[in-house]
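Since the structure comes first, as structure tokens, the remarks are kept for the end.
The values are calculated or read from the model by the stated rules, or taken from the named source; none is laboratory data. Model, not experiment: these values are computed from the prediction. Cβ atoms come from the backbone with ideal geometry, glycine included; neighbour counts cover every protein chain shown.
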Amino acid sequence: MPDSSDARTSAAPASTPGENLLVVENLQVAYGATQVLWGISLSVPRGKVTCIIGANGAGKTTTLNAIAGVLPVKGGKLLLEGNDVTSLPPWERVKRHVSLVPEGRQLWPGMSVEENLLMGCFLPSLRARAQSSLARMYELFPRLKERRRQLAGTLSGGEQQMCAIGRGLMSEPHLLMLDEPSLGLAPKLVDEIFSFIAKISREGMTILLVGQNVNYTLQISHYGYVMETGRITLEGSGEQLFHNDYVRQAYLGGALDHPPADPTRQAPSV
Ligand code: ATP
């Protein structure tokens with residue numbers, strides 16, 4: 001594990017008040033007696049892709065769940081657009097335009113694609129716009145339109161991920177959190193999913209991305225954090241982390257001079 005004092009890079013994320021949509025301060029989370037987040041701090045600037053990378057069990061999913069409000073926090077603060085939302089329930093955070101696309105999609109397999117999408121706008125304030133939101137999703141994902149009546153459980157992995165992202169977008173998020181969106185997908189679908197993330201980022205969406213595919217994740221991220229055993233150990237721009245020796249050795253299979261057997265592929269640009 002790198003020494004965080006040396007490893008932190010100089011290009012800190014934007015810290016001007018108002019520029020950060022989300023600020024996480026000294027967040028601590030425990031499952032019962034077992035603490036898994038030990039005071040992490042990070043910022044998510046508006047209109048940018050910010051990522052968290054790290055080994056299995058580091059605490060990435062726990063972080064996203066705590067931000068979404070589905071896990072209580074033990075200590076620290078979550079500031080959304082400058083307001084303290086630490087103790088708000090999940091639906092209040094959805095109202096404040098925070099949306100989580102969870103790891104493993106978590107669709108309702110016995111419901112149709114359209115019914116799953118509509119679950120993304122369950123709040124009364126959103127329901128009035130459900131039909132126009134659906135039309136927007138079908139424009140973004142024509143394949144979901146073709147399969148609108150199909151049961152979600154019978155979709156391919158890539159289609160399920162599109163449906164999960166579509167459901168997340170139905171709540172009109174300002175902050176979209178994506179947990180391992182390419183998990184278990186074939187390379188072509190990984191390309192498609194990252195192209196889509198890059199596209200919505202270019203259109204102005206603020207994204208907090210947890211990526212198992214570190215190569216693509218860093219290439220489409222403006223800024224990133226490395227998390228290890230519940231702590232942020234390294235941070236920097238996506239490019240800095242992509243070229244960082246420690247990150248390359250630990251997460252990308254080797255130094256740039258000696259590329260891994262699976263050569264670095266070019267992710268879609270943001
Ligand atoms: P992965 O990349 O494998 O998804 P992660 O970085 O997202 O890992 P988390 O899922 O946040 O890590 O898990 C962090 C730690 O918390 C792990 O040690 C995990 O075993 C533990 N943990 C996660 N969920 C629970 C739970 N419901 N009860 C107890 N411990 C949990």
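Taking the condition within 27 Å of Leu234 (Cβ to Cβ), of a type in the set (A, V, I, L, M, F, W, C) and part of a loop (DSSP other than H, G, I, E, B), does Ala58 pass?
It is true that Ala58 is within 27 Å of Leu234 (Cβ to Cβ), of a type in the set (A, V, I, L, M, F, W, C) and part of a loop (DSSP other than H, G, I, E, B).
Quick check on Leu71: is it in contact with a helix residue (DSSP H, G or I) (Cβ under 9 Å, 6 or more places away or on another chain), touching a residue at least 60 places away in the same chain (Cβ under 8 Å) and at negative phi?
Considered against the rule, which asks whether it is in contact with a helix residue (DSSP H, G or I) (Cβ under 9 Å, 6 or more places away or on another chain), touching a residue at least 60 places away in the same chain (Cβ under 8 Å) and at negative phi, Leu71 comes out as no.
So that you can scan it fast, the table gives a plain yes or no per residue for (1) among the β-branched types (Val, Ile, Thr); (2) part of a helix (DSSP H, G or I); (3) more than 11 Å from the ligand (Cβ to nearest atom); (4) within 29 Å of Gln249 (Cβ to Cβ):
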residue	(1), (2), (3), (4)
Val23	yes, no, yes, no
Val36	yes, no, no, yes
Leu42	no, no, yes, yes
Gly47	no, no, yes, no
Cys51	no, no, yes, yes
Leu64	no, yes, no, yes
Leu71	no, no, no, no
Can you go through Leu79, Leu118, Leu123 and tell me which one is aliphatic (A, V, I, L, M) and buried (at least 17 other Cβ atoms within 10 Å of the Cβ)? Leu118
Of those in the stretch 200-233 that are within 16 Å of the ligand (Cβ to nearest atom) and in a loop (DSSP other than H, G, I, E, B), the residue surrounded by the fewest Cβ atoms within 10 Å (Cβ to Cβ) is Thr229
Filter pass, Glu180 being at positive phi, crowded, with 19+ Cβ neighbours inside 10 Å and modelled with pLDDT of 90 or more: yes
Residues being within 16 Å of the ligand (Cβ to nearest atom) and farther than 26 Å from Thr34 by Cα: count how many of those fall in the stretch 234-249. 1
Residue under question is Leu144, and the condition is that it be modelled with pLDDT under 90 and either in contact with a Cys (Cβ under 8 Å, 6 or more places away or on another chain) or surrounded by fewer than 16 Cβ atoms within 10 Å (Cβ to Cβ) (or both); does it hold? no
